[in-house]
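**Student:** Okay, handing you the structure first.
The values are calculated or read from the model by the stated rules, or taken from the named source; none is laboratory data. As the structure is a computational prediction, the values presented were derived from the model and not from experiment. When we count neighbours, we look across all protein chains shown, and the Cβ atoms used for this are built from the backbone with ideal geometry, even at glycine.
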Amino acid sequence: MNKVERYREVLVIREGEIPYARALEMQRKIHAERADDLRPDTLILLTHPPVVTLGRGSDTAHLLLSPEGYRERGVEVFETDRGGDVTYHGPGQLVGYPIVGLRSRGIGPREFLRRLELSLIFLLDTFGIESGRVPGLTGVWVDDEKIAAMGIRISRGVSLHGFALNVTTDPGEFDLIVPCGIRDRGVTSMTQVLDRLVDLDEVAGRYPDCLVRAIRATNAEGG
């Protein structure tokens, strides 16, 4: 699946399941075009086959299997240039890569992270899920369980990487790692919170509006 549509000032590319390396190549190409003002802000929405990614701040102690153990489980391990620690991507997760020009908007990296969190808080609210932040930790939480992880990189004033929202993801998949290096909190999904199956395509369809709202927000801490 490859669907491209314009949502307000953002170009939205909807993909199906594609490998992490291919998505990274796509991001870098689009990022270069955005940095050269050859395209508008662009949001890529997709899913990945099972992969563990290591950000620039990763601690290998947060990998709970050996390289052979991950291979036997069919899970790729990929070092990347985003911020953050170790995270997992897999089926049932909505992954979003907003490639946004921040310099012209006067938004710095920390502020952009807050706006990404806010966009997902907006999105979850449309499904009746009350979520929020945990002081000192990145991501979006339902009580003390993480429902969305994120890590970004800013280059030439344009963002790369983004977020992973657990829609139907089995929280047991996160037993492969110490998610984001946090040992004392759990992981949840929209399906688990609502106790019903949630359609990933519906979630993806609602998200662009939430991203635009968060980018335009005058107060990213509260919307």
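**Student:** Can you find, within segment 134-151, the residue that is nearest to Leu123 (Cα to Cα) among those that are out of contact with any helix residue (DSSP H, G or I) (no Cβ under 9 Å at 6 or more places or on another chain) and in a strand (DSSP E or B)?
**Tutor:** For segment 134-151, the residue satisfying everything is Trp141.
**Student:** Additional query: Take the conditions in contact with a strand residue (DSSP E or B) (Cβ under 7 Å, 6 or more places away or on another chain), β-branched (Val, Ile, Thr) and over 25 Å from Asp37 (Cβ atoms) and apply them to Val75. Does it pass?
**Tutor:** yes
**Student:** While we're on this one: In segment 102-160, which residue that is among the hydrophobic types (A, V, I, L, M, F, W, C) and exposed (fewer than 15 other Cβ atoms within 10 Å of the Cβ) is farthest from the chain's Cα centre (by Cα)?
**Tutor:** It comes out as Val134.
**Student:** Turning to a different aspect of this structure: Please verify whether Ile177 is surrounded by 19 or more Cβ atoms within 10 Å (Cβ to Cβ), over 24 Å from Val51 (Cα atoms) and at pLDDT below 95, treating the condition exactly as stated.
**Tutor:** no
**Student:** Could you tell me whether segment 152-168 includes any residue that is of a type in the set (Lys, Arg), closer than 30 Å to Arg39 by Cβ and part of a loop (DSSP other than H, G, I, E, B)?
**Tutor:** yes
**Student:** Can I ask one more? Being surrounded by 19 or more Cβ atoms within 10 Å (Cβ to Cβ), assigned to a helix (DSSP H, G or I) and in contact with a Leu (Cβ under 9 Å, 6 or more places away or on another chain) is the filter here, so list the residues in segment 31-61 that pass it.
**Tutor:** His31
**Student:** Additional query: Got a number for residues in segment 75-118 being in a strand (DSSP E or B) and at pLDDT 95 or above?
**Tutor:** Of the residues in that region, 8 qualify.
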